[in-house]
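Asks: Dumping the structure here so I can ask a few things about it.
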Amino acid sequence: MVNSSFPITSSMQALRDYLQSHGELFFDVLELATCGFYLRPLPSDEGGNPHPPLFSQLCFSSLGHEVPEADQTSQVWLDLVHPEDQAAFTQHAGWNGAVSDDQQTSWQYRLRRCDGSYRYTEEGGRKITLGDRRETFWLGVLHDVDERLRAKQELEASHQEIQTILDTIPTFVWIKDESHRILRVNRAAANATGMTPEEIEGRLTSEVYPKQGERFQESDRQLLQGNRPVRRVPETLENKNGDDYKMLIDKYSLPSLHNEDTRILVVGTDITEIEQTQIALASQEAQFRNLFERSPLGSVLIDSNHQLQLINSRIEAMYQLSPTQDRPIQLMDLVPAEFHAKLTPSNDRFSPNQSANTQFEFETKRADGTVMRISLVTAAIEIENQSMTLATFTDITERHQVAMDLERKQEELERSNEDLDRFAYIASHDLKAPLRGIMHLTEWIEEDMPRQIGKEVRDHLKMLQAQVSRMDMLLNDLLAYARVTRQTDAVEWVDLNVALPELFAFMSPPPTMKLVLPAKMPSLSTARGPLEQIFRNLFGNSIKHAASSSQVVVTAETTSDSYHFTVRDNGPGIPESSQERIFGMFQTLESGKDRRGTGMGLHLVKRLVEVQGCTAWVESRINQGAAFHFTWPRENAANSFEKCEAYAS
């Protein structure tokens, strides 16, 4: 029974004698010590080292351990105590201090089994003093309470889990006993009272709900007597803040377990918002009907059976209909049969609604036989859990006619523009032949002219040659302009770092004028011809009108979808009043004999840019030069019509 691996001292012998002489105590120890017991000598007032504690074999064997040597039992036992419990353990039974004479208590701690798991153990004990020796011992009796404590923990966890579930649902829940005392309440029900669950639990129903308490308790009694079940009873709960909650109350009798009293489960559904919603819906329906009737557009409400549930008076006026009770307006009177599928909602509320957000046009006839064109817009709506289609009719007969007229005029304008372009191309091309003939004749006359011909005749001949040359330039510009809309240049890779210096040199600028480029210009995939034509015309404009300028500066910036180019000179500038005009056809700042150009260069620039979907304008100041800006699509410019800008400053 006890560990006898160490010598029996006189005091221990006395203990044995004491136990043997008190058989009842001995058997009580055996009865209580389900997991063993131990005797721990306590320090006496006279000092001295107490003997090691005496452990029964069951103390260690119940944990699956071998019984240690006598001088090691104390340390081994302490090592078996869970680290988190050791501090509390040493405060009891004299393991770390004195024990009072009347101390008799019990406490729980965990002991490590041989497999590494821990067992909850409850220790009960008392202080024992033996005979004349006045030697004192702590008698500790051990019980296995592992299953009981773990079951209790699981029950508490289950209780907490159930409470958590109850607290997460919006439904109000109360659990009461037969005396109408509230045992449990969820968070929603507590919040409705303005109190916490802790303030409610344990109180009578009449205490929590003073106004309704007696009525609630009466229905509790009826439920317990089995006279009448409580189902969907409307109630109004008032919390301590004075707010009202509209509720539907259900009550259920919970069967008793383990001879417990029957309990009552009360479930309340808050219908405050539902009632408010119903009131709001009724108001909205009234507003809808009012707006429906007063709408300036024709409106009908169609159900899934092709029946018209609502029709406003505008429909009757639009179609010139006169319905009667025997012959009401039908869907076929308003919309041709081939469009009915687009208007009819599905019988299945959960299937895709074909009539949702549909818009189309059709032609139909009024009652007097005249044709009109209707624009119809539909929207899927739900009324009283029924899918319907709201269809809105607009008479667009006049608007449609105007649109058709505009379309015809647009086509005529496009044909006219094509004819003009074709005429300009043919006229300028055909005029170049006789013009070349005139030029050759003036050259031959000049060669064959006798020396005695006077200066006046020779000046007239030079004036004729100058006019012929200017006419040739004008025809060339007209040809270039006419070719703009006929551009078929293939897209190719253009390196502006190489192309622009070559173009500038080709223009034969004055020796004092230089082209200035940034360190790196873009290389892009585009139609070379139109882009080079723009730069050539801008270079020519600077050379012609800003010959005194020391340099022409070209810069480039990159945006998300285009390049932004700038050609800047420091010439005489352009008056603000002329900055729009210079982009017009045959417009120039010079006049009469001082006119050196045809006035087509900048107009051609604008036209070339517009073909790419761009516009052009100029900004400048007198005596501060001018900077011409334009943007160009980044890729595949020949076929690009992206929105971009070209401007000059």
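The values are calculated or read from the model by the stated rules, or taken from the named source; none is laboratory data. The model shown is predicted, which means the values in this text are computed figures rather than measured ones. Heads up, the Cβs are rebuilt from the backbone with ideal geometry, glycines too, and the neighbour counts pull from every protein chain shown. SASA here: full protein model, heavy atoms, side chains in, ligands and nucleic acids out. Shrake-Rupley method; radii C 1.70, N 1.55, O 1.52, S 1.80 Å.
Asks: In the full protein assembly as shown, how much of Asp167 is accessible to a 1.4 Å probe, in Å² to the nearest 10?
Replies: 50 Å²
Asks: Right, here's the next one. Students often check this: by mean Cβ neighbours within 10 Å, which of 244-253, 154-163, 531-540 ranks highest, and how do the rest follow? Could you put the intermediate results ahead of the total?
Replies: Values: 244-253: 16.3, 154-163: 10.9, 531-540: 21.3.
In decreasing order of mean packing, 244-253, 154-163, 531-540 become 531-540, 244-253, 154-163.
Asks: Shifting gears a bit: Let me know the volume per residue of the alpha-carbon convex hull for the range 152-192, in Å³.
Replies: Numbers: hull volume 2.8 nm³, N = 41.
In the range 152-192, the Cα convex hull volume per residue is 69 Å³.
Asks: Can I ask one more? With all protein chains present, calculate the accessible area of Cys114 using a 1.4 Å probe and round the result to the nearest 10 Å².
Replies: Rounded to the nearest 10, the figure is 90 Å².
Asks: For the range 491-526 and the range 202-220, what is the separation of their C-alpha centers, rounded to whole Å?
Replies: 96 Å
Asks: Using θ = phi - 60° and the Karplus curve 6.51 cos²θ - 1.76 cosθ + 1.60, what whole-Hz ³J(HN,Hα) does each residue of the range 379-393 get, with Gly and Pro shown as x?
Replies: Result, rounded to whole Hz: 9, 7, 9, 10, 10, 6, 6, 10, 6, 9, 10, 9, 10, 10, 9.
Asks: Can you list the aspartates and glutamates whose alpha carbon sits under 14 Å from that of Lys462, skipping same-chain ones fewer than 8 residues off?
Replies: The qualifying aspartates and glutamates are Glu443, Glu446, Glu447.
Asks: Give the long-range amide H neighbours of Val618: residues separated by 5 or more places, or on another chain, with amide H under 5 Å away, using H modelled in the peptide plane at 1.01 Å from N.
Replies: For Val618, whose amide H was placed from the backbone, the distant partners under 5 Å are Ala648.
Asks: Tell me, what is the 1.4 Å probe accessible area of Phe423, in Å² to the nearest 10?
Replies: Number for this one is 140 Å².
Asks: Follow-up question, since we're still on this one. Amide H of Arg126 versus every other amide H placed in the peptide plane: which residues, excluding those fewer than 5 positions away on the same chain, fall under 5 Å?
Replies: Those qualifying (amide H under 5 Å, at least 5 residues apart or on another chain) are Leu139.
Asks: Counting only residues 5 or more places away or on other chains, whose amide H sits under 5 Å from the amide H of Val552 once H atoms are built in the peptide plane?
Replies: So Val552 has HN proximity to Lys514, Leu515, Val516.
Asks: Given a 1.4 angstrom probe, what's the average accessible area per residue across the range 256-334, in square angstrom?
Replies: Values: 5230 Å² over 79 residues.
Ligands and nucleic acids excluded, the result is 66 Å² per residue.
Asks: Residue by residue through the range 72-86, what is 3J(HN,Hα) from phi via Karplus (6.51 cos²θ - 1.76 cosθ + 1.60, θ = phi - 60°)? Round to whole Hz and write x for glycine and proline.
Replies: Coupling constants for the range 72-86: 10, 4, 4, 5, 4, 5, 4, 5, 6, 6, 4, x, 6, 9, 5 Hz.
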